[in-house]
Every structure is written in C-alpha cells, then in structure tokens.
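Undergrad: I have a structure I would like to understand better, so I am pasting it below and will then ask my questions one at a time.
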Amino acid sequence: LAERHLQPQGEEQEGNADLGQVLEVLHVRDGQPAGERADGDAGDDVADQERLSQPLVDRYIWSLMARARVRGVSSRWLRDLYGFALVPDKVIYLDIDVEHLAPRVLAGAGFDYWESGQDFLREPQLYANFTHYQDILLTEFRRLAQVYGHTTINGAQSISDVFSAICGEVEAVLAGMA
C-alpha cells in the first residue's frame with residue numbers, strides 16, 4: 001500500500017511501512033483539508049503536492065476526545081477545542097470488547113494507571129477498574145463512530161483479518177485520490 005500510493009514518483013522508499021495500527025487517513029491539499037482550498041483551483045501543482053501529502057495517522061484526536069469525555073469534559077467544549085483539526089477522508093475504528101481486549105493488554109505491558117482509569121475511578125481491584133474504564137471508554141468510542149460516521153472494523157478478528165480489512169479501506173481512499 002505505502003509503496004503504491006505514498007511513495008513520491010522517482011524516489012525509493014526506505015524501510016517497511018507498518019499499517020497495522022492505521023486508524024485515520026488524511027488527505028491534505030496545499031496545507032488545507034481536502035475540498036477546502038480557498039481559491040478552489042485544482043492546478044497541476046496540487047497533483048504534485050498531493051502525492052507528497054497523504055499522511056496516515058494513528059489515533060489523531062478521537063482518543064483524546066473519548067478519554068476526556070469519560071472523565072466528564074463536555075462534548076461541546078471538546079468540539080470547540082479540536083475544531084481546528086483537519087477533517088480526515090476516512091476514520092477507521094477498530095472495535096473490540098473488553099473480553100477480547102484484556103488478554104491482549106495482559107500479553108503486552110499489562111494494566112497501567114491511565115488505561116485502567118485509576119486517576120478518576122476508585123474500584124478496589126485493578127482488574128475491576130480496568131474493565132469498568134474500558135467499558136465506558138468503548139461506549140464513547142462507539143458513540144463517536146456513530147456520530148462522525150467512522151468505518152468500524154471488528155478488532156477481535158485475527159491480526160491478519162484486521163490488517164486486510166484496514167488495507168481494503170485505505171486502498172479505497174487512496175484509489176479515489178489518484
């Protein structure tokens with residue numbers, strides 16, 4: 001994917017692009033979100049710049065918004081705060097329930113203070129705190145996906161299935177930019 005769509009023509013790409021955690025695709029023209037050029041001109045220089053300005057971003061603002069909302073920050077205040085952000089062409093949300101998430105977290109670094117909501121929840125056991133926090137956080141992510149029309153992929157699938165689904169979604173966006 002990266003080699004076909006993100007590599008400037010005539011340049012070789014170094015290293016391998018890891019798209020396994022891609023959650024959002026931004027398409028920027030002349031430093032502005034797609035479709036928002038002030039002059040409306042789609043001159044030849046834009047095509048050259050587009051080839052160099054199609055970033056793939058992991059998380060972007062949605063994680064910040066969801067974490068703030070579950071801690072009691074108002075949706076309106078967050079919209080005002082993050083209203084400057086570029087509007088992505090595609091947001092991909094990997095949805096997973098706590099039952100499938102917990103083993104993955106434990107296989108990695110384990111439960112941490114922030115991902116367990118320890119800063120504002122006071123469950124007597126860390127696991128109870130983790131599951132409570134993740135439940136309310138996942139509910140907020142699902143709400144954001146519904147409100148903003150994010151594409152949802154089942155994150156409980158195998159890594160290769162999730163990766164294939166992400167590639168299909170990203171491929172469709174990049175094909176529309178050609």
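Undergrad: Kindly indicate whether TYR127 is in a helix (DSSP H, G or I), open to solvent by less than 60 Å² (accessible area, probe 1.4 Å) and aromatic (Phe, Trp, Tyr).
TA: Against the criterion (in a helix (DSSP H, G or I), open to solvent by less than 60 Å² (accessible area, probe 1.4 Å) and aromatic (Phe, Trp, Tyr)), TYR127 does not qualify.
Undergrad: Another question, then. Determine if segment 81-95 includes at least one residue that is more than 17 Å from the chain's Cα centre (by Cα), of a type outside the set (Phe, Trp, Tyr) and open to solvent by 60 Å² or more (accessible area, probe 1.4 Å).
TA: yes
Undergrad: Among the residues of segment 127-136, write down those that are among the aliphatic types (A, V, I, L, M) and modelled with pLDDT under 95.
TA: Listed by number, the list holds a single entry, ALA128.
Undergrad: Here's something else I'd like to know. Please work out if LEU144 is crowded, with 16+ Cβ neighbours inside 10 Å, of a type in the set (A, V, I, L, M) and either modelled with pLDDT of 90 or more or within 14 Å of the chain's Cα centre (by Cα) (or both).
TA: yes
Undergrad: Might you let me know whether segment 115-126 holds any residue that is out of contact with any His (no Cβ under 9 Å at 6 or more places or on another chain), at pLDDT 90 or above, under 30 Å from GLU171 (Cβ atoms) and of a type outside the set (A, V, I, L, M)?
TA: No, segment 115-126 has no match at all.
Undergrad: Can you tell me which residues in segment 54-109 are in contact with a His (Cβ under 6 Å, 6 or more places away or on another chain) and assigned to a loop (DSSP other than H, G, I, E, B)?
TA: Listed by number, the residues that qualify are GLN54, ASP89.
Undergrad: Then there's this: Just checking, how many residues over segment 96-130 are of a type in the set (Val, Ile, Thr) and over 22 Å from the mean Cα position of the chain (by Cα)?
TA: So the answer is 0.
Undergrad: Report, by residue number, each residue of segment 108-124 that is buried (at least 17 other Cβ atoms within 10 Å of the Cβ) and either in contact (Cβ under 8 Å) with a residue 40 or more places away in the chain or closer than 24 Å to ASP89 by Cβ (or both).
TA: GLY117, the sole residue that qualifies.
Undergrad: Moving on to the next point. Sort out which residues of segment 144-171 are assigned to a helix (DSSP H, G or I) and free of Cβ contacts under 8 Å to residues at least 24 places away in the same chain, and write them in order of number.
TA: Within segment 144-171, GLN146, VAL147, SER160, ASP161, SER164, ALA165, GLY168 qualify.
Undergrad: Does segment 147-164 hold any residues that are among the small types (Gly, Ala, Ser) and open to solvent by 30 Å² or more (accessible area, probe 1.4 Å), and which are they?
TA: Within segment 147-164, GLY149, ALA156, SER158, SER160, SER164 meet the criteria.
The values are calculated or read from the model by the stated rules, or taken from the named source; none is laboratory data. Source: prediction; values computed, not measured. Cβ: placed from backbone, ideal geometry, glycine included. Neighbour counts: every protein chain shown. Note: areas computed on protein heavy atoms with side chains; ligands, DNA, RNA excluded. Shrake-Rupley method; radii C 1.70, N 1.55, O 1.52, S 1.80 Å.
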